[in-house]
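The next block holds one structure in the form of structure tokens; read it before the comments.
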Amino acid sequence: MSFPLAIRSLGWTKYVVVAVSAGLLSAPGSFAGSGVTYDSKQSPTLEQGPTVEIPVARASRGMITLEGPSGMFLNPTTATLPQGALSYGYCLVLTNQETDILGHAMFISYGVRDWLELGVVANMVNFRVDDELPEGSYGTGGPMARVRLIRDRDCWPEISLGAYAKFGTDKFDSKNIFIGASKTLPLDEKGFVKTVTFQGGFRESWLEMPDRNTNRFYGGVEVQLPCNLYVVGEVTQFAGRKDEFMPWAAGVQWRGRKFGVTAAIVQSGDDDPPSIYLGVGGGLGAEPVRTPTRPVSRP
């Protein structure tokens, strides 16, 4: 079975507490894309008083993933929503496996603070033919939290910690935590290739079926093109206890200020051949966060 599994208990809460506590120790700080922050005059936003013009990368907010939280196509990424912003997304996956599964994923999340995002994720899997489960639809859902620990600034990448839980169908219950990092490299704000963002992370999952844990690293690259278009590719570490093939995905995301669409080819671990991924999403106020440079004392 190739679709993300769900969370079997409320044990996720301890991970959320850890994540929120870590976030409180860091400095607080959609589908808007990544890149160096510019104002309407194409110059860095500065605070009043003595400052230096330090480029500040805007957060790279991807769209819905098969896991639920926003990100690439398979794995969540680091960006949290701006405070007061609401975001939502839906995707479906069409497969050509013998089980003829049609899968769905959805999420809705809210920016409590610039560094804290809370929401709900859900999945539904339709089984046509299977030896273990009767034909029908199986749904799961649960809470999600993501805390930004460090902002992408200077030589530091953006780092976030997250947890999400989905439950409701015993065989698909699971719980998951992840830590991710991202770094945006500005190239040419007015050129064809505007930015390149490197994504990476580690995800631990406790799965009900099969009854075993998986832990894996993942990484990806996204290239920002004109007109809010992004080309995204990612690969996930092979888990021999679960996967038949190494998971990977490649596709495009168009991230408008209020609405976005995405399409990709995905190999989630046991797709033969790979699956077709289609998604949409939107948000209220989910636009780039323009972070002022920090003031510095002149020598």
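The values are calculated or read from the model by the stated rules, or taken from the named source; none is laboratory data. Since the structure is predicted, the reported quantities are computational estimates derived from the model, not experimental observations. Note: ideal-geometry Cβ built from the backbone for every residue, glycine included; neighbour counts use all protein chains shown. The protein model used for the area step is the full one, side chains on, heavy atoms only, and it has no ligands, DNA or RNA in it. Shrake-Rupley method; radii C 1.70, N 1.55, O 1.52, S 1.80 Å.
When region 161-182 is limited to residues that are under 14 Å from Asn213 (Cα atoms) and among the polar types (S, T, N, Q), the one that is farthest from the chain's Cα centre (by Cα) turns out to be Ser174. Within the option set Ser87, Ser160, being modelled with pLDDT of 90 or more, farther than 22 Å from Val266 by Cβ and assigned to a strand (DSSP E or B) holds for one residue only, Ser160. Checking each residue in region 262-280 for being crowded, with 21+ Cβ neighbours inside 10 Å and part of a strand (DSSP E or B) picks out Thr262, Ala264, Val266, Gln267, Ser275, Tyr277, Gly279. Inspection of region 240-261 identifies at least one residue that is part of a loop (DSSP other than H, G, I, E, B), modelled with pLDDT of 90 or more and either aliphatic (A, V, I, L, M) or open to solvent by 60 Å² or more (accessible area, probe 1.4 Å) (or both).
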